[in-house]
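The values are calculated or read from the model by the stated rules, or taken from the named source; none is laboratory data. A quick note: this is a predicted structure, and the numbers were derived from the prediction, not measured. Backbone-built Cβ (ideal geometry, glycine too); neighbour counts: all protein chains shown.
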Amino acid sequence: MQAFAVEMVITAILMGVILALTDDGNGIPRGPLAPLLIGLLIAVIGASMGPLTGFAMNPARDIGPKAFAWLAGWGDVAFTGGKDIPYFLVPLCAPVVGAALGAFSYRKLIGRHLPCDTCVEEEQQSPSSSTAQHKASL
């Protein structure tokens with residue numbers, strides 16, 4: 001359970017920062033700096049949380065080596081790590097839940113307070129009820 005929480009939190013942080021760096025409504029400088037910052041974030045996450053679970057953060061990054069080890073003859077040890085628990089489910093499920101949680105949190109806590117070009121376009125295309133009431137009173 002603790003490994004699931006760790007993987008979920010680090011993936012949520014990664015997803016939130018990626019969304020912050022790539023959001024057009026955010027006023028921070030982007031461009032060629034975004035990949036460098038994302039790479040530094042992955043390095044920091046790996047250095048700080050890596051010893052706890054191996055920081056999968058991506059199911060494809062984790063399942064490939066385990067599948068190869070299984071095909072190479074390691075058997076169930078490749079997926080369970082020699083324990084009785086199916087640990088391979090943690091790096092498969094926790095990053096998916098963490099990415100969804102990180103995206104939801106960013107959109108609800110930060111993204112909704114940023115100016116949005118599509119929101120402005122929608123307001124211009126369909127006048128709000130206060131604008132319609134104002135025009136009706138004239």
Residue count for segment 28-55, restricted to those that are of a type in the set (A, V, I, L, M) and surrounded by 14 or more Cβ atoms within 10 Å (Cβ to Cβ): 7
Pairs where the first residue, in segment 1-27, is in contact (Cβ under 8 Å) with a residue 60 or more places away in the chain and the second is surrounded by fewer than 17 Cβ atoms within 10 Å (Cβ to Cβ) and of a type in the set (Ser, Thr, Tyr), C-beta under 7 Å, 6+ apart: Ala12/Ser105; Gly16/Ser105
Index of the failed condition, Gly25 passing every other in (1) out of contact with any Cys (no Cβ under 7 Å at 6 or more places or on another chain); (2) modelled with pLDDT under 85: (1)
Number of positions in segment 64-82 that are surrounded by 16 or more Cβ atoms within 10 Å (Cβ to Cβ) and either in contact (Cβ under 8 Å) with a residue 40 or more places away in the chain or within 29 Å of Ile38 (Cβ to Cβ) (or both): 1
